[in-house]
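Since the structure comes first, as structure tokens, the remarks are kept for the end.
The values are calculated or read from the model by the stated rules, or taken from the named source; none is laboratory data. A quick note: this is a predicted structure, and the numbers were derived from the prediction, not measured. All Cβ positions, glycine included, derive from the backbone under ideal geometry; neighbour counts span all protein chains shown.
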Amino acid sequence: MNKSSTRQKGFSLVELLVALVISAVVGTALVSIFITDSRRFTVQTQVVDMQQTLRAGLDMLSQDLLMAGYDPTESGNFGITDIGLRNLDNNLDTTGDSSITFEMDDNEDGLLDSNETIRYVLYDFPVDTPDGRTDLGRVVGGGGRQLLAENVDAIGLAYAFDQDADRVIDTSAGGNLIWAMDTDNDNVLDTALDTNDDGVIDADDDAAGVALPTLVQLDRIRAVQIWLLVRNETADTGFINNETYVVANRRLAFNDNFRRRTLSTIVKFRNLGL
């Protein structure tokens, strides 16, 4: 007589526990990978946004500056009129950021019209309800500041010049362009920035600069070097930025969670010194 077996096939408690542990490990790994990939994607997006802001801001500013002093009738009514340092309220302030105001004869009539004076300046947009993030603005005539680029931490401008009006931009003893600023807001270049005369304005230079042997008037300016420093819109708590950035005569040090990028370019004024 055959006895029927009462044993049922299945998983033991130990096997179930092992399976649960493995599933938990795999699940945790998948979640970790997802979070890492998501964060990496976010970082890459922020970096791309910053680079686009830098390039777009510099391009628009450069294109406008190429027209500074445009005067097809040779009226003598157009040029650079102000290079003062300004605060976020658009007022002259020697502790503020670089700004530039210039004119161009857009309609080619030889007369300065209200829409032919342009100013670039840093401010906090929107003016009525500032958000604490500074931006680059463009002012036309007596109008308000128009948003050009967001999240711009700093702008710096330094100028090369032709002091003796020989149609050749002045150079240093080392053969490098002399980049200078107006540090006291009297619209006269007074301080050179490349203190070690290596042709590059960087952290190796004295931020205080060195006094020019002769003051330079605005009508001798022939080129401008532009620095823009931008940051990402939102902070990343997993990132610490303790870098120091060179923006013209300033050394800007941070200790926060914002990524930043800086870019510099040189524009030669094609309508000045003709």
| query | For G273, which of the numbered conditions (1) in contact with a Leu (Cβ under 8 Å, 6 or more places away or on another chain); (2) modelled with pLDDT under 95 fails to hold? | reply | (1)
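Small (G, A, S), surrounded by 15 or more Cβ atoms within 10 Å (Cβ to Cβ) and either under 25 Å from R55 (Cβ atoms) or modelled with pLDDT of 95 or more (or both): is that true of S264 in this structure? Spell out how you get there, then give the answer.
On the way: small (G, A, S): yes; surrounded by 15 or more Cβ atoms within 10 Å (Cβ to Cβ): yes; either under 25 Å from R55 (Cβ atoms) or modelled with pLDDT of 95 or more (or both): yes.
Judged against the criteria, S264 is a match.
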| remark: The lone condition Q146 fails out of (1) free of Cβ contacts under 8 Å to residues at least 12 places away in the same chain; (2) part of a loop (DSSP other than H, G, I, E, B); (3) within 21 Å of the chain's Cα centre (by Cα) is (2)
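Would you check which residues across the stretch 229-250 are more than 21 Å from T195 (Cα to Cα) and buried (at least 16 other Cβ atoms within 10 Å of the Cβ) and list them? It would help to see each step written out before you state the result.
Step one: list which residues in the stretch 229-250 are more than 21 Å from T195 (Cα to Cα), which gives 229-243.
Result: L229, V230, R231, N232, D236, N241.
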| Checking G142 against (1) more than 23 Å from L218 (Cβ to Cβ); (2) surrounded by fewer than 19 Cβ atoms within 10 Å (Cβ to Cβ), which test does it fail? | (1)
| With T195, T265, T234, T191 as the choices, which residue is assigned to a loop (DSSP other than H, G, I, E, B) and touching a residue at least 40 places away in the same chain (Cβ under 8 Å)? | T234
| query | For the stretch 65-72, does any single residue satisfy the condition of being in a loop (DSSP other than H, G, I, E, B) and loosely packed, with under 10 Cβ neighbours inside 10 Å? | reply | no
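Here is a yes/no grid of residues against (1) within 24 Å of the chain's Cα centre (by Cα); (2) of a type outside the set (K, R); (3) over 16 Å from D64 (Cα atoms):
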{"site": "I100", "(1), (2), (3)": "yes, yes, no"}
{"site": "D106", "(1), (2), (3)": "no, yes, no"}
{"site": "L112", "(1), (2), (3)": "no, yes, yes"}
{"site": "E116", "(1), (2), (3)": "no, yes, no"}
{"site": "R133", "(1), (2), (3)": "yes, no, yes"}
| remark: Considering residues that are among the basic types (K, R) and either in contact (Cβ under 8 Å) with a residue 60 or more places away in the chain or touching a Pro at 6+ places or on another chain (Cβ under 8 Å) (or both), the number found within the stretch 84-109 is 0
| Matching residues in the stretch 66-124 - criterion: being farther than 18 Å from A180 by Cβ and polar (S, T, N, Q) | T73, S75, N77, N87, N90, N91, T95, N107, S114, N115, T117
| request: Give the stretch 14-49 a look and list any residue that's of a type in the set (S, T, Y) and at pLDDT 70 or above, or say none. | output: S23, T28, S32, T45
| Quick one: which of A203, A160, A192, A211 is of a type in the set (G, A, S), farther than 30 Å from N257 by Cβ, modelled with pLDDT of 95 or more and surrounded by fewer than 18 Cβ atoms within 10 Å (Cβ to Cβ)? | A211
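In the stretch 209-219, is there at least one residue being under 22 Å from the mean Cα position of the chain (by Cα), in a strand (DSSP E or B) and closer than 17 Å to G156 by Cβ? Before the answer, list the steps.
As a first pass, look at the stretch 209-219 and keep what is under 22 Å from the mean Cα position of the chain (by Cα): 209.
Retained after the next criterion (residues that are in a strand (DSSP E or B)): none.
No.
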| message | out of contact with any Gly (no Cβ under 9 Å at 6 or more places or on another chain) and under 30 Å from T134 (Cα atoms): which single residue out of T244, T214, T171 fits that description? | response | T244
